[in-house]
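Everything on this sheet refers to the single structure shown next.
The values are calculated or read from the model by the stated rules, or taken from the named source; none is laboratory data. Worth saying up front: this structure is predicted, and the values here are computed from it rather than measured. A quick note on method: Cβ atoms are made from the backbone with ideal geometry, for glycine too, and the neighbour counts reach across all protein chains shown. For accessibility, only protein heavy atoms count, side chains too; no ligands or nucleic acids. Shrake-Rupley method; radii C 1.70, N 1.55, O 1.52, S 1.80 Å.
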Amino acid sequence: TVKVRLIKVLLPDGKTEILITSLLDARKYPLHLFGDLYFKRWGIETEYGMQKNYMQLELLSGYKVNTILQDFHASIFISNLQHILSIPAQTKSEKKHKDRIYSYQINRNIAIGNLKQHLINLFKRKDTGALIRKIEKLFAKYIEPVRPDRSFLRIVKGRRTKGKYQTWTNYKRAI
């Protein structure tokens, strides 16, 4: 058995969420801490969604542990490289679009696709500066608005038979 603590959190729309935690000590972890923590999880969840959907983390090229680890680490590497290369492009985009209503950010999905097209050349070339600038320009070309305080009514449709994410089948056929 596992001991857990159930906590009710009132959402801004008046609905109640029930959270489950393993932080059992009510004096050390009072109720008022959990409302703020609940909303801070969003960044982490969107990163998981990005890894599973954009980076296709579940699409593996083999079955052995080393192959799976290699695929996993390659995916994390590409994600980190995309983020690092997006920083200068994001700065340029912010300067260029400072007079617009919304702020803009790099479209991560398109940026990852563009990075994957040029990844091999980044390692083959001795002088990568020009290629990195080209990639940064591509990143800055595809932007999307950041709309603050967006919220949508959650419409719960019947029970799902599968999870939230589309699980990709392995393209290597089992024998």
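A few notes on this one:
- Of all residues in segment 128-150, those that are under 30 Å from Asp13 (Cβ atoms) have Cβ atoms under 6 Å from Cβ atoms of residues that are among the polar types (S, T, N, Q) and open to solvent by 50 Å² or more (accessible area, probe 1.4 Å), 6 or more apart or on another chain, in Val146/Ser103; Val146/Gln105.
- Tyr63 vs. criteria open to solvent by 100 Å² or more (accessible area, probe 1.4 Å), out of contact with any strand residue (DSSP E or B) (no Cβ under 9 Å at 6 or more places or on another chain), of a type in the set (Phe, Trp, Tyr) and not in a loop (DSSP other than H, G, I, E, B): no
- Given (1) under 17 Å from the mean Cα position of the chain (by Cα); (2) modelled with pLDDT under 90; (3) outside any loop (DSSP other than H, G, I, E, B); (4) among the hydroxyl-bearing types (Ser, Thr, Tyr), number of the condition Tyr165 does not satisfy: (3)
- Among the candidates Ser86, Ser103, residue that is open to solvent by 50 Å² or more (accessible area, probe 1.4 Å) and touching a strand residue (DSSP E or B) at 6+ places or on another chain (Cβ under 7 Å): Ser103
- Enumeration of residues in segment 1-12 that are open to solvent by less than 100 Å² (accessible area, probe 1.4 Å) and either part of a loop (DSSP other than H, G, I, E, B) or without any contact (Cβ under 8 Å) to a residue 12 or more places away in the chain (or both): Val4, Leu11
- Failed criterion for His73 (all others in (1) more than 22 Å from Tyr142 (Cα to Cα); (2) surrounded by 12 or more Cβ atoms within 10 Å (Cβ to Cβ) hold): (2)
- Among residues of segment 16-30 being in a loop (DSSP other than H, G, I, E, B) and either open to solvent by 100 Å² or more (accessible area, probe 1.4 Å) or aliphatic (A, V, I, L, M) (or both), the one that is nearest to Ile76 (Cα to Cα) is Leu23.
- Unmet criterion (only one of (1) in a strand (DSSP E or B); (2) open to solvent by less than 50 Å² (accessible area, probe 1.4 Å)) for Ser79: (1)
- Top-ranked residue in segment 31-44 [being over 23 Å from the mean Cα position of the chain (by Cα) and either among the basic types (Lys, Arg) or surrounded by 10 or more Cβ atoms within 10 Å (Cβ to Cβ) (or both); ranked as farthest from Asp149 (Cα to Cα)]: Leu31
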